[in-house]
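J.: Pasting a structure below so you can have a look.
The values are calculated or read from the model by the stated rules, or taken from the named source; none is laboratory data. Fair warning: this is a prediction, and the values are worked out from it, not measured in the lab. Note that each Cβ is placed from the backbone with ideal geometry, even for glycine, and that neighbours are counted across all protein chains shown.
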Amino acid sequence: MDEMRNDRAGSAGQIEVTCAFCAGRGTDPFGVMYAGSTCQVCGGDGVRRLVPPVAECPYCGGTGVYPGSRLTCTSCGGVGQTMVPEDALTCPACAGSGRAKDDFWPDSPLPCGVCGGKGVVAP
Ligand SMILES: [Zn+2]
Ligand SMILES: [Zn+2]
Ligand SMILES: [Zn+2]
């Protein structure tokens with residue numbers, strides 16, 4: 001008997017997203033620890049599993065890299081995609097840019113305090 005069949009698309013409806021930080025290569029793009037060290041975002045798999053709906057992270061532009069640094073994006077954790085609420089609304093504070101207003105200085109690198117850099121909020 002063919003019991004133990006388990007060919008669902010991922011567990012609990014998750015989808016596989018290519019790790020943006022390493023572009024799916026599985027190695028740290030900056031070699032922070034040493035050249036060719038394992039990507040800290042995906043653990044070397046090149047992919048991460050997320051629960052849809054997901055959207056490209058506006059804060060890092062989908063690169064997974066915290067703007068102006070060699071660190072992982074704090075908004076998406078380096079994946080380049082973020083899980084967003086169903087029927088998400090554009091964040092009223094940052095108008096979807098994911099970046100804080102220029103309250104502190106022009107071109108502030110800080111993520112939006114309302115949406116945390118996702119650019120959207122729950123309805
Ligand atoms: Zn990776
Ligand atoms: Zn990001
Ligand atoms: Zn925002």
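J.: For a quick check of your reading of the model, give me the residue pairs whose first member lies in segment 61-78 and is farther than 14 Å from Leu110 by Cα, whose second is among the acidic types (Asp, Glu) and part of a loop (DSSP other than H, G, I, E, B), with beta-carbon atoms closer than 7 Å and at least 6 apart or on different chains.
T.: none
J.: Does Val114 meet the test of being closer than 28 Å to Ala12 by Cβ, part of a loop (DSSP other than H, G, I, E, B) and among the aliphatic types (A, V, I, L, M)?
T.: Judged against the criteria, Val114 is not a match.
J.: Of the residues Gly68, Gly10, only one is at pLDDT below 95, away from ligand 3 (no atom under 16 Å from the Cβ), farther than 21 Å from Gly113 by Cβ and surrounded by fewer than 17 Cβ atoms within 10 Å (Cβ to Cβ); which?
T.: It is Gly10.
J.: Here's another thing I want to ask about it. For Thr27, indicate whether it is surrounded by 13 or more Cβ atoms within 10 Å (Cβ to Cβ), modelled with pLDDT of 95 or more and away from ligand 1 (no atom under 12 Å from the Cβ).
T.: Numbers: surrounded by 13 or more Cβ atoms within 10 Å (Cβ to Cβ): yes; modelled with pLDDT of 95 or more: yes; away from ligand 1 (no atom under 12 Å from the Cβ): no.
So Thr27 does not fit the description; no.
J.: In addition: Within segment 18-67, which residues are among the acidic types (Asp, Glu) and over 15 Å from Met83 (Cα atoms)?
T.: Kept after step one, since they are among the acidic types (Asp, Glu), are these residues of segment 18-67: 28, 45, 56.
Selection gives Asp28, Asp45.
J.: Just checking, which of Cys76, Cys42, Cys19 is modelled with pLDDT of 90 or more and within 29 Å of Pro123 (Cβ to Cβ)?
T.: After ruling out the rest, the residue left standing is Cys76.
J.: Still on this structure, please answer the following. Looking at Lys118, is it out of contact with any Asp or Glu (no Cβ under 9 Å at 6 or more places or on another chain), within 16 Å of ligand 2 (Cβ to nearest atom) and among the charged types (D, E, K, R)?
T.: Against the criterion (out of contact with any Asp or Glu (no Cβ under 9 Å at 6 or more places or on another chain), within 16 Å of ligand 2 (Cβ to nearest atom) and among the charged types (D, E, K, R)), Lys118 qualifies.
J.: Only one residue in Cys112, Cys39 is surrounded by 14 or more Cβ atoms within 10 Å (Cβ to Cβ), within 16 Å of ligand 3 (Cβ to nearest atom) and among the hydrophobic types (A, V, I, L, M, F, W, C). Which one?
T.: Checking each option against the conditions leaves just Cys112.
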